[in-house]
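J.: Below: one structure in structure tokens.
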Amino acid sequence: MGENDYVKLKQLEDAFERKDLEFFKAFLGNSRELPLLLRVHSVCMLEHIGNEEMVQPLCQVLQEDESPLTRHEAAFTLGQLGYRSAVPALVRAMLDDKSPIVRHESAVALSSLGDDTIIPQLKKAIGDHDEDVRNSALIAFEYLTYLKQKKGTEPPNLVKPKIRL
């Protein structure tokens, strides 16, 4: 990283302290040529300050960043934020991303969102050639199947537990 990159890192830290989501939207939109540390760090910070307006920029990172690590962290953050508007991008990544760590984390994130309509897509991911992806999809499938069955027998729970793998 060059000196200018450390200035950008400081700007990220300052924006995090201010909870400046507009800064993060602009930063992520122009991050393709930045060093890996800056891209990953910006995505990870959003777990703690993001809201639903950050879903689209994070989905863009998940779909377009060249680094599997950055895409993985985008999937993780989307799962932690918990907005179902991330489901289409997470399903695409789980089924089609070239990196097994991205497919794995996308399956985990989908389980955290609690949307049982994606059970058929999880069934497809259970057939992935990578064992970790298969296992993550299976765990998500079983958990969401359980939640779907539970819906009919219990009053809705407004706080859903997060699954950690």
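The values are calculated or read from the model by the stated rules, or taken from the named source; none is laboratory data. Not measured: the values here are computed from a predicted model. Reconstructed Cβ throughout: ideal geometry from the backbone, glycine too, with neighbour counts over all protein chains shown.
J.: Select from region 12-22 the residues that are surrounded by 13 or more Cβ atoms within 10 Å (Cβ to Cβ) and assigned to a helix (DSSP H, G or I) and list them in ascending order.
T.: Correct list: Leu12, Ala15, Phe16, Leu21.
J.: Among the residues of region 29-59, write down those that are within 16 Å of the chain's Cα centre (by Cα) and outside any helix (DSSP H, G or I).
T.: Gly50, Asn51
J.: Same structure, new question: What single numbered condition from (1) in a loop (DSSP other than H, G, I, E, B); (2) under 24 Å from Pro57 (Cβ atoms) fails to hold for Asp128?
T.: (2)
J.: Would it be correct to say that Leu69 is of a type outside the set (Val, Ile, Thr) and out of contact with any Asp or Glu (no Cβ under 7 Å at 6 or more places or on another chain)?
T.: Against the criterion (of a type outside the set (Val, Ile, Thr) and out of contact with any Asp or Glu (no Cβ under 7 Å at 6 or more places or on another chain)), Leu69 qualifies.
J.: What is the number of the single condition among (1) more than 30 Å from Glu131 (Cα to Cα); (2) surrounded by fewer than 15 Cβ atoms within 10 Å (Cβ to Cβ) that Leu9 does not meet?
T.: Result: Leu9 fails condition (2) only.
J.: Being in contact (Cβ under 8 Å) with a residue 12 or more places away in the chain, closer than 22 Å to Met1 by Cβ and part of a helix (DSSP H, G or I) narrows it down to one of Ala74, Ala26, so name that one.
T.: Answer to the check: Ala74.
J.: Within region 89-115, which residues are buried (at least 21 other Cβ atoms within 10 Å of the Cβ) and not in a helix (DSSP H, G or I)?
T.: Result: Asp97, single match.
J.: On the given criteria, is Ser106 modelled with pLDDT of 90 or more and in contact with a Lys or Arg (Cβ under 7 Å, 6 or more places away or on another chain)?
T.: It is false that Ser106 is modelled with pLDDT of 90 or more and in contact with a Lys or Arg (Cβ under 7 Å, 6 or more places away or on another chain).
J.: Here is a further query. Do we have any residue at all in region 44-56 that's closer than 19 Å to Val91 by Cα, crowded, with 16+ Cβ neighbours inside 10 Å and not hydroxyl-bearing (Ser, Thr, Tyr)?
T.: For region 44-56, residues closer than 19 Å to Val91 by Cα, crowded, with 16+ Cβ neighbours inside 10 Å and not hydroxyl-bearing (Ser, Thr, Tyr): present.
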